[in-house]
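Down below is the structure, laid out as structure tokens.
Just so you know, all these numbers are worked out from the coordinates, no wet-lab data involved. Predicted, not measured: the structure shown is a model, and the values here were computed from it. Reconstructed Cβ throughout: ideal geometry from the backbone, glycine too, with neighbour counts over all protein chains shown.
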Amino acid sequence: MSRPIIGITAPTRMTKWGAWDMDATVIPATYALAVIDGGGIPVILPPEDGAIDIVSAIDGLVISGGPDIDPSMYGADLDPDTLDTYPKQDMREIALIKASIEADLPVLGICRGMQIMCVAEGGSMHQHLPKTPGYESHGSWNGAFSDHEVTFEQGTEIHSVLGDCVSVNSTHHQGVRDSGGLKVTGRANHDGLIESVAYEHLKFFHGLQWHPERINQYQMYAALVNAARSS
């Protein structure tokens with residue numbers, strides 16, 4: 001397989017489309033460009049399609065970033081600072097993640113994508129880091145970016161790809177409190193927040209809290225494509 005097909009989840013939202021305001025399924029082009037750079041063929045996956053059929057039709061999967069996860073997905077009450085939730089998208093992505101695990105489909109979760117991977121496997125969230133003790137100054141959010149460093153656990157696959165430590169971009173106000181069944185493979189240097197997770201018994205199943213595709217940090221996308229190529 002020279003160029004594996006990599007599905008990328010995308011939300012459907014009311015969007016300005018030409019002269020019209022209408023529902024559109026869109027994501028930033030950086031996701032597709034990162035997949036192309038890694039040698040894959042990107043295919044956008046609308047949230048309305050069925051999870052099982054999708055998994056059998058693609059070679060790898062990117063769970064993209066997006067809005068807050070509805071706290072009902074991890075048994076918590078709605079915090080006033082949790083905004084813009086889409087429970088149907090949450091449920092569809094959880095089903096897609098579980099189907100991918102069952103099929104051992106290579107998966108890379110980005111930002112919210114990592115968070116929903118953890119929730120799917122029994123984890124939970126800090127709903128608003130700026131008021132969570134120990135994480136009040138974690139980083140920027142609401143469209144702004146800040147930088148910090150992440151250190152990876154020795155002997156993990158992500159450590160073999162990215163090395164001991166990398167500088168990442170931070171743009172989230174929620175964070176993983178409990179990774180569920182997933183192994184924590186990286187944490188923020190300045191406050192210890194979970195920044196990367198994995199199931200290392202699977203072919204490739206990694207979540208990253210940051211957006212490497214926005215800073216030309218394509219190594220994990222290339223690793224995803226390589227894993228998909230060998231499927």
Next item on the list: Mind putting a number on the dipole of the chain about its Cα centre? Charges go on the C-beta only, +1 for Lys and Arg and -1 for Asp and Glu, and I need it in Debye to the nearest 20.
Entry: 400 debye
Next item on the list: Return the aspartates and glutamates within reach of residue 183: Cα separation strictly under 15 angstrom, same-chain partners fewer than 8 residues apart disregarded; answer none if there are no such residues.
Entry: 121, 153, 157, 195, 200
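Full-extension gain between residue 219 and residue 48, please, as 0.36 nm times their residue separation minus the C-alpha to C-alpha distance. Could you put the intermediate results ahead of the total?
Details: separation 171, 0.36 × 171 = 61.56 nm, distance 3.00 nm.
Net length gain for the segment: 58.6 nm.
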Notebook entry, point to check: Tell me which lysines have Cα within less than 23 Å of residue 131's Cα, excluding those fewer than 8 residues away on the same chain?
Noted result: none
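Please give the length that would be gained between residue 33 and residue 226 if that part of the chain were fully extended, namely 0.36 nm times their separation in residues minus their C-alpha to C-alpha distance (nm, one decimal). Don't jump to the answer; show the numbers that get you there.
Details: separation 193, 0.36 × 193 = 69.48 nm, distance 1.59 nm.
Roughly 67.9 nm would be gained on extension.
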Checklist line | For the stretch 114-131, 3J(HN,Hα) per residue [Karplus equation, 6.51 cos²θ - 1.76 cosθ + 1.60, θ = phi - 60°, Hz, x = Gly/Pro] | finding: 5, 4, 6, 4, 5, 4, 4, 9, x, x, 9, 10, 7, 7, 7, 4, x, 10
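For the chain, give me the percentage of DSSP beta bridges that are antiparallel, rounded to the nearest 5 percent.
On the way: 25 of 40 bridges.
DSSP beta bridges in the chain are roughly 60 percent antiparallel.
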Next item on the list: Any chance you could check the Cα centroid distance between the stretch 157-202 and the stretch 1-43 for me, in angstrom?
Entry: 24 Å
Item checked: Pairwise label distance in nanometres, residue 77 with residue 191, each label 7 Å out on the Cα-Cβ vector -> 2.3 nm
